[in-house]
Amino acid sequence: MADTLTITDNRTGKQYEVPVTDNTIRAMDLRQIKVNPSDFGLMTYDPAFLNTASCQSAITFIDGGKGILRYRGYPIEQLAEHGTFVETAYLLLDGELPNDAQLATWKHDLSDHVMLHENIKKFMEGFRYDAHPMGIFLSTVGALSTFYPMAKDVDDQPSRRRQSLRLISKVPSIAAYAYRHHVGKPYVYPDSELSYAGNFLNQLFKRTEPVYRPDPVLERALDVLFILHADHEQNCSTSAMRGIGSSNADPYASMAGAAAALYGPLHGGANEAVLRMLNDIGSLDKVPAFVKSVKAGEGRLMGFGHRVYKSYDPRATVIKRTANEVFEVTGRNPLLDIALELERIALQDEYFVSRKLYPNVDFYSGLIYEAMGFDPAMFPVLFAIGRTAGWVAQWEELMTDKTRKIARPRQVYIGEDSRDYVPLSDRS
Ligand code: CMC
């Protein structure tokens, strides 16, 4: 039997055969469904893209019902246990894990691009002392566009590769500078003897010691968090990256837009919002009243729920384990008890169970970040460092997609019909 969908238009009595490929129909195939020849043709209406695939991608696979997440086929649990962020970034971009020689070259190339232009530092000094680090981060990523005009040649593969390397390599420095600016401390230059995560900790927390030595448990935990956040298929910020990139804007401009999308509390800003929520709740005895207020529609249980996962977010499972390892070093975060109690109540409450609301990646990550000494305002920036690998990989995939066109959704117009201009003197 042919893999087609038969649609009967009850307005005309006509039947249409629409091919089904990869469990999807092409929205453009619906255009043939018309009442008369001058009719535009049938469109689909899908606000917030609840049921629309906007691209084909070979990077990340998610089965939200089963709680599966894989990068290029590799389960996230295995990458988090055995891999490093640097090789994960290579995997996302190139499709395969690097061999010894490829990894050595990749690390060398990354360290080649790690420095920021001194003018970037001056640019960042212009922000007010209390500027949110994520605002600084996304503006600075956008400003990089003016430093690398060659990036505009988005059809040049070697140039694209260089810009992707620059972005993955430079974002920790941008994030660290944003943080040091926020707390009024001098900037720290990168140390290429350290790992990606270890150097980031150095750039954040180095004081007067001649050489900074990161705690290996915290260094590994941060690396795991970067791996877990590295990609998540067509989420809000990645769609922004692809949407902006589709106009052939350079990757810095595109990534500034992606970072802006990530900033929001429903996306990458959720980790910061979770910590503020836990602080607002304050003590265990206030948890039931808080849950009641969420159920009454007075706010959301931040760090719960996901558009795709309708069971436990696999990243949350890894993060919970990582949290315990970090707390062995830093001491237990007192807010953990409130988080555990919220999770315990929510997982058995009809409101959350019936809506399939489970802890997501951001429910526990903030507790780890805080225990490691990060200000909550830095949490979305930490998310952005990991996600940079995914953004550039998705952008590269878009640029090599032969079907690429500028992203341009349609709309259903619900405004006024044509009417004549009313002079100002005649308006009531
Ligand atoms: N607390 C309370 N109720 C919720 C929550 C929540 N966190 N999330 C969803 N709901 C309810 C929502 O009110 C709705 O109920 P009803 O059917 O009665 O109107 C139902 O569940 C479905 O919610 P939705 O808003 O239609 O779901 P969505 O798929 O559009 O939104 C979400 C997904 C992640 C934006 C949402 O679950 C949310 O706001 N969660 C809190 C913010 C958060 O933790 N975001 C981080 C997501 S993971 C990191 C990332 O990748 O961005």
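The values are calculated or read from the model by the stated rules, or taken from the named source; none is laboratory data. Model, not experiment: these values are computed from the prediction. No Cβ is skipped: glycine too gets one built from the backbone with ideal geometry, and neighbour counts run over all protein chains shown. The protein model used for the area step is the full one, side chains on, heavy atoms only, and it has no ligands, DNA or RNA in it. Shrake-Rupley method; radii C 1.70, N 1.55, O 1.52, S 1.80 Å.
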* Structure fact -> The equivalent-ellipsoid semi-axes of the stretch 293-417, taken as the square roots of five times the Cα gyration tensor eigenvalues and listed largest first in whole Å, are 33, 24, 14
* To do: Give me the accessible area of Leu42, 1.4 Å probe, in Å² rounded to the nearest 10.
  => 70 Å²
* To do: Would you compute, for the Cα atoms of the stretch 222-350, the largest minus smallest coordinate along each principal axis and list the three values in descending order, in whole Å?
  => 53, 39, 25
* In order through the stretch 136-147: 3J(HN,Hα) via Karplus (6.51 cos²θ - 1.76 cosθ + 1.60), integer Hz, x for Gly, Pro -> 5, 4, 5, 5, 5, 4, x, 5, 4, 3, 7, 8
* To do: Enumerate by residue number the chymotrypsin sites (Phe, Trp or Tyr not before Pro) in the stretch 104-143 meeting two conditions: DSSP loop (anything except H, G, I, E, B), and at most 13 other Cβ atoms within 10 Å of the site's Cβ.
  => Tyr129
* Using the C-alpha atoms of the stretch 192-286, what convex hull volume per residue, in cubic angstrom, is computed? -> 164 Å³
* Structure fact -> Against the 2.2 N^0.38 Å rule of thumb, the C-alpha Rg of the stretch 126-199 sits at a ratio of 1.24
* **Neighbour-limited loop hits for chymotrypsin sites (Phe, Trp or Tyr not before Pro), the stretch 349-428 (at most 16 other Cβ within 10 Å; DSSP other than H, G, I, E, B)** => Tyr413, Tyr421
* Gaussian network model of the chain, Cα springs within a sub-10 Å range: biggest mean-square fluctuation belongs to which of Pro359, Pro251, Pro216? -> Pro216
* **Heavy atoms of Thr24: accessible area, 1.4 Å probe, square angstrom to 10** => 60 Å²
* **trypsin sites (Lys or Arg not before Pro) lying in DSSP loop within the stretch 181-284, provided at most 13 other Cβ fall within 10 Å** => Arg207
* For the chain, what number results from the quotient of the Cα radius of gyration and 2.2 N^0.38 Å? -> 1.09
* Asked: Each residue of the stretch 290-299 in turn: what ³J(HN,Hα) in whole Hz from Karplus with 6.51, -1.76, 1.60 and θ = phi - 60°, glycine and Pro shown as x?
  -> 5, 4, 4, 5, 5, 5, 7, x, 8, x
* **Tail fraction, Cα-Cα pairs, the stretch 53-198, threshold 19 Å, whole percent** => 62 percent
* To do: Using +1 at the Cβ of each Lys and Arg and -1 at the Cβ of each Asp and Glu in the stretch 295-407, identify which of Gly305, Thr400, Ile385 lies farthest towards the dipole's positive end.
  => Thr400
* **Listed residue pairs exceeding 18 Å between alpha carbons, taken from Lys14/Lys34; Lys107/Lys170; Lys286/Lys310; Lys170/Lys320; Lys286/Lys356** => Lys286/Lys310; Lys170/Lys320; Lys286/Lys356
* Taking θ as phi - 60°, what are the ³J(HN,Hα) couplings along the stretch 67-72 by the Karplus curve (6.51, -1.76, 1.60), each to the nearest whole Hz, with x for Gly and Pro? -> x, 10, 9, 9, 9, 6
* Asked: Given the protein chains as shown and a 1.4 Å probe, how many square angstrom of Met115 are accessible, to the nearest 10?
  -> 100 Å²
* To do: Please find, in a Gaussian network model of the chain (springs between Cα atoms separated by less than 10 Å), the residue of Ala323, Ala256, Ala53 whose mean-square fluctuation is greatest.
  => Ala53
* Calculated [θ] (222 nm, deg cm²/dmol) that DSSP helices of n ≥ 4 give over the chain, each run adding -39,500 (n - 2.57) -> -15500 deg cm²/dmol
* **the chain: most fluctuating residue of Gly366, Gly64, Gly245 per GNM, C-alpha cutoff 10 Å** => Gly64
* **Cα-Cα pairs of the stretch 260-317 separated by more than 12 Å (percent)** => 72 percent
* Could you work out Rg/(2.2 N^0.38 Å) for the stretch 208-250, with Rg from alpha carbons only? -> 1.87
* **Computed over the stretch 1-117, Cα set: Rg, Dmax in Å** => 22.7, 66
